[in-house]
Amino acid sequence: MVGEAISRLKHNGDALKLLGSSVQHGWFVRGYIRSFNDELGAAQFRFTVRGSHGIGAVRARLARVEDTWVFSQLNFEPENGASELA
């Protein structure tokens with residue numbers, strides 16, 4: 001889940017304009033994962049990112065349906081505002 005969020009961030013032109021090159025993520029991921037049964041669940045997490053031009057945070061919400069995790073929300077929050085990642 002976190003790896004997919006990082007990949008999407010690194011392929012998002014708007015986020016890269018704000019962060020610059022050499023995007024790195026922080027070591028700590030805060031959030032939770034809840035499984036309701038073998039096929040359903042929910043997750044939410046946040047981690048920081050840093051690039052050559054700025055820093056920010058990535059926030060994500062996911063749902064697991066039929067054993068597949070799907071992003072319901074994925075946002076990059078630069079120090080000066082927020083933008084949703086595609």
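Worth a mention:
- Counted residues, the stretch 1-33 - those being touching a Gly at 6+ places or on another chain (Cβ under 6 Å) and at negative phi: 3
- Residue count for the stretch 1-30, restricted to those that are part of a strand (DSSP E or B) and either in contact with a His (Cβ under 6 Å, 6 or more places away or on another chain) or among the acidic types (Asp, Glu) (or both): 0
- Taking the criterion of being loosely packed, with under 13 Cβ neighbours inside 10 Å, under 14 Å from Arg8 (Cβ atoms), of a type in the set (Gly, Ala, Ser) and in contact with a strand residue (DSSP E or B) (Cβ under 7 Å, 6 or more places away or on another chain), the only residue of the stretch 27-86 that qualifies is Ser72.
Every number in this text was worked out from the coordinates using simple rules, so none of it is lab data. None of these values were measured; they are calculated from a predicted model. All Cβ positions, glycine included, derive from the backbone under ideal geometry; neighbour counts span all protein chains shown.
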